[in-house]
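Single-structure report; data block below.
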Amino acid sequence: MAVKSSISDLDAQIERLRERRRILIVKSAERFARAATKSGLAEMEIADEEVERIFEEIAARFCKEEKKGAGGLSPQTRPPAVGGAGSTSEVSHDG
């Protein structure tokens, strides 16, 4: 017998999933921020467009490696880069 879910149950599940998604995004952002700080990139004045281009190059490199290692399976679909067209180009870090 299939279990019927009420709308409020589904809403609660959706909210839990949204919170899990938010936490994963924050953890990922913190991970990249730590790497940028450790490598000194966080202190450099680099335009957002340049940072995005660099990350796209890195992603392409790892997608190729995944494809080779996965026996030709297609890589995981990635969302478009954050801060694309219409975003501010530079943020001053000069406190």
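None of the figures in this text is laboratory data; all of them are computed from the coordinates on show. The model shown is predicted, which means the values in this text are computed figures rather than measured ones. Note: ideal-geometry Cβ built from the backbone for every residue, glycine included; neighbour counts use all protein chains shown.
At-a-glance table
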{"read-out": "Assigned charges on the beta-carbon of Lys, Arg, Asp, Glu; region 9-66 dipole about Cα centre (debye)", "value": "400"}
{"read-out": "Potential extension, ALA60-SER28 segment - 0.36 nm per residue separation minus Cα distance", "value": "9.7 nm"}
